[in-house]
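What follows is a short report on a single structure.
The values are calculated or read from the model by the stated rules, or taken from the named source; none is laboratory data. Predicted, not measured: the structure shown is a model, and the values here were computed from it. For neighbour counting, all protein chains shown are included, and Cβ atoms are generated from backbone atoms with ideal geometry for every residue, glycine included. SASA here: full protein model, heavy atoms, side chains in, ligands and nucleic acids out. Shrake-Rupley method; radii C 1.70, N 1.55, O 1.52, S 1.80 Å.
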Amino acid sequence: MLYIKKSQPSKEAVNEINRVRREQKALLEKRDHQIARKAFDCLDKSLIRECLIKEQHGLCGYCMRRIENDATTTIEHWEPIERNVDGVLDYGNMLGVCDGGSKVKEADLEDGRRILCCDAAKGNQEITISPYNKSHMDKIRYREDGRICTHPRDEILERDINDILHLNGENGLDTSTRLLRGRREAYRSYFDEMRRKGKNISRAYIERRIRAIKSKDEYPAFAGVILYLLKRKLREFE
């Protein structure tokens, strides 16, 4: 997971949200979550996804897989509509997330099991962990085996990571989208890079690598792993 600095949506997205508020006012005033979702579905979602993907640098707000502005990307309500009907058209309550494995072909499933993650696993459950909360994201750590944990250990955040979002798979198995494998590969690519550099690694080099990633409009998939390791390396020069 990566910290997401929430920005203002585009003028087109704001106009679209306001249009739906006006046109679906009668439905929204019923304050029924099923009816509110129908109002939400009246949005031109491509305009909303475009804004979310831009501020998230092209990555899923939970697992850091690549997302695109198409039907494979879900507009997730961090606080479920079932819990807060008023948040249905609140851009500040929206995240761009991947399909969570729901669209993975059966033939591509590991061990024949579909293990969903992200919003596909979360559904209408409430969570505490938020990529908009920098203090939460500062606790995130990555292990060599691809698992996410927290330091200092936060049982509430780890419950969300493991039991609700399934970012570490389930019962020792990877998710259908193979998140652990992706994070392991990112971890290994970092150490391959460090071995190639050998004794030429310097503070300036690490700082340049961090800036190079953060300056991109689109981050590489699982960028949080590389940034975590680079920042850990940077502390060795303090």
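Please give the peptides 44-53, 196-205, 143-152, 128-137 ranked by average Cβ packing (other Cβ atoms within 10 Å per residue), highest first, as a rough proxy for protection.
44-53, 128-137, 143-152, 196-205
Using a probe radius of 1.4 Å on heavy atoms only, what accessible surface per residue do you get for region 43-82? Whole Å² is fine.
On a per-residue basis, 37 Å².
Solvent-accessible area per residue for region 127-184 at a 1.4 Å probe radius, Å²?
Per-residue accessible area for region 127-184 comes out at 46 Å².
For L173 and R22 in the same chain, what is the full-extension length gain: residue separation times 0.36 nm, less their Cα-Cα distance, in nm? Walk me through the numbers on the way to the answer.
Values: separation 151, 0.36 × 151 = 54.36 nm, distance 4.65 nm.
Stretched out fully, the L173 to R22 stretch lengthens by 49.7 nm.
Connecting C-alpha atoms closer than 10 Å in a GNM of the chain, tell me which of G96, G224, G112 has the biggest fluctuation.
G112
Please give the direction-averaged projected area of the C-alpha convex hull for region 120-228, in square nanometres with one decimal.
8.1
Kirkwood hydrodynamic radius for region 180-238: how many Å is it when counted over pairs of different Cα atoms?
11.9
Test of understanding: express the Cα radius of gyration of the chain as a ratio to 2.2 N^0.38 Å, with N the residue count.
Values: Rg = 19.1 Å, N = 238, 2.2 N^0.38 = 17.6 Å.
Cα-based Rg divided by the globular estimate yields 1.08.
Can you give me the Rg/Rh ratio for region 1-120, using Cα atoms for both radii and the Kirkwood formula for Rh?
Working: Rg = 15.2 Å, Rh = 15.2 Å.
When Rh is taken as the Kirkwood radius, the ratio is 1.00.
Would you mind calculating the relative contact order of the chain from Cα pairs under 8 angstrom and at least 6 residues apart, reporting the percent as a whole number?
In percent, rounded to a whole number, it is 19.
Can you return the lysines within cross-link range of K231? Criterion is Cα-Cα under 16 Å, with same-chain partners fewer than 8 residues away left out.
Of all the lysines, those that pass the test against K231 - Cα under 16 Å, at least 8 places apart if same chain - are K134, K139, K214.
Within region 10-37, name every residue whose backbone N is under 17 Å away from a label modeled 7 Å from Cα of D90 along the Cβ vector.
What the label zone holds, given the 17 Å backbone N cut-off, is 17-18, 21, 28-34, 36-37.
Taking only Cα atoms and a 10 Å spring cutoff, compute GNM fluctuations for the chain and point out the largest among A26, A223, A39.
A26
Only Cα pairs under 8 Å and at least 6 apart count here; give the relative contact order of region 11-71 as a rounded whole percent.
After rounding, I find 28 percent.
Considering only protein heavy atoms and a 1.4 Å probe, what is the carbon-and-sulfur percentage of the accessible area of region 80-231?
Values: 3270 of 7630 Å².
Ligands and nucleic acids excluded, carbon and sulfur give 43 percent.
What percentage of the solvent-accessible surface of region 6-49, computed with a 1.4 Å probe over protein heavy atoms, is contributed by carbon and sulfur atoms?
That share works out to 46 percent.
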